[in-house]
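Worksheet: the structure to be examined is printed underneath.
The values are calculated or read from the model by the stated rules, or taken from the named source; none is laboratory data. Computed from a predicted structure; not experimentally measured. Note that we place each Cβ from the backbone using ideal geometry, even for glycine, and neighbour counts take in every protein chain shown.
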Amino acid sequence: MKSLLYLESKGVINEQKNRTDTEHVQLVGSTGVGKSAHISLLTGTEVKVSDGAKSCTMETSMYEGKDDRCYIDTVGVEDSRKISDKKILNETQRDLMKHKVKRLKVIWIVNANSRETSTLQKQARFIKSMHAEIWKSVILIVRDPGTNLDRTSQGAREAIKEYGGSIFVAQIPVLGYTNIDWQKDVPTFVPRLS
């Protein structure tokens, strides 16, 4: 299955279909953190995934989900091709405007980290730039959290506090995952994006 951006560029998607009411969910995170694997899980679409820190997503792509949402896979921050984070984030925002994305939610996937790094700050600043109320529509997912999700999500939660305010830190659902290779057998439960 091809991405929606590809299908639109080839004229495969019906131009008459009004997609402005579609709920879009953008996955944000560093290269290799699992954004494409989550897209595959949420859409049932076979999406190329990286096997480490090497970039595999080369452009923003949109995929229709099993739940009628549109999931947006983006180039990761700290791209291995040495593309600047600023350029990646600007291109992502350009693509969202180009496709008239109005109803946006975020799944922010981070590596386990108890410290607020500059990478987490950049990503939180980017999420904040989407719209004023975005933090009400964010789910935080921590890759390889170990046994203490509170500790390993601390760095991201500090970045949320700095760029969204302390009121949002307690409201954002925090989940952890260790391995997504089992995706064929995963239950269909997906956390609710309010």
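Which of the residues that make up the range 150-175 are surrounded by 14 or more Cβ atoms within 10 Å (Cβ to Cβ) and of a type in the set (Ser, Thr, Tyr)?
Selection gives THR152, SER153, TYR163.
Give me the pairs, please: first residue somewhere in the range 102-116 and of a type in the set (D, E, K, R), second residue anywhere and assigned to a strand (DSSP E or B), beta-carbon distance under 6 Å, and either six or more positions apart or on two chains.
ARG103/GLU23; LYS105/VAL25
Hey, can you tell me all the residues within the range 96-146 that are farther than 19 Å from LEU42 by Cα and hydroxyl-bearing (Ser, Thr, Tyr)?
SER114, THR117, SER118, THR119, SER129
Hey, can you tell me all the residues within the range 118-149 that are crowded, with 16+ Cβ neighbours inside 10 Å and outside any helix (DSSP H, G or I)?
Listed by number, the residues that qualify are VAL138, ILE139, LEU140, ILE141, VAL142, ARG143, PRO145.
Scan the range 156-170 and give yes if some residue there is assigned to a loop (DSSP other than H, G, I, E, B), under 24 Å from SER40 (Cα atoms), in contact with a helix residue (DSSP H, G or I) (Cβ under 9 Å, 6 or more places away or on another chain) and not β-branched (Val, Ile, Thr), otherwise no.
no
Within the range 171-183, identify whether any single residue is at pLDDT below 90 and part of a helix (DSSP H, G or I), and answer yes or no.
The answer is yes, given that some residue of the range 171-183 is at pLDDT below 90 and part of a helix (DSSP H, G or I).
Check whether at least one residue in the range 102-114 is under 18 Å from TYR163 (Cβ atoms), assigned to a helix (DSSP H, G or I) and more than 13 Å from the chain's Cα centre (by Cα), and report yes or no.
Scanning the range 102-114 turns up no residue that is under 18 Å from TYR163 (Cβ atoms), assigned to a helix (DSSP H, G or I) and more than 13 Å from the chain's Cα centre (by Cα).
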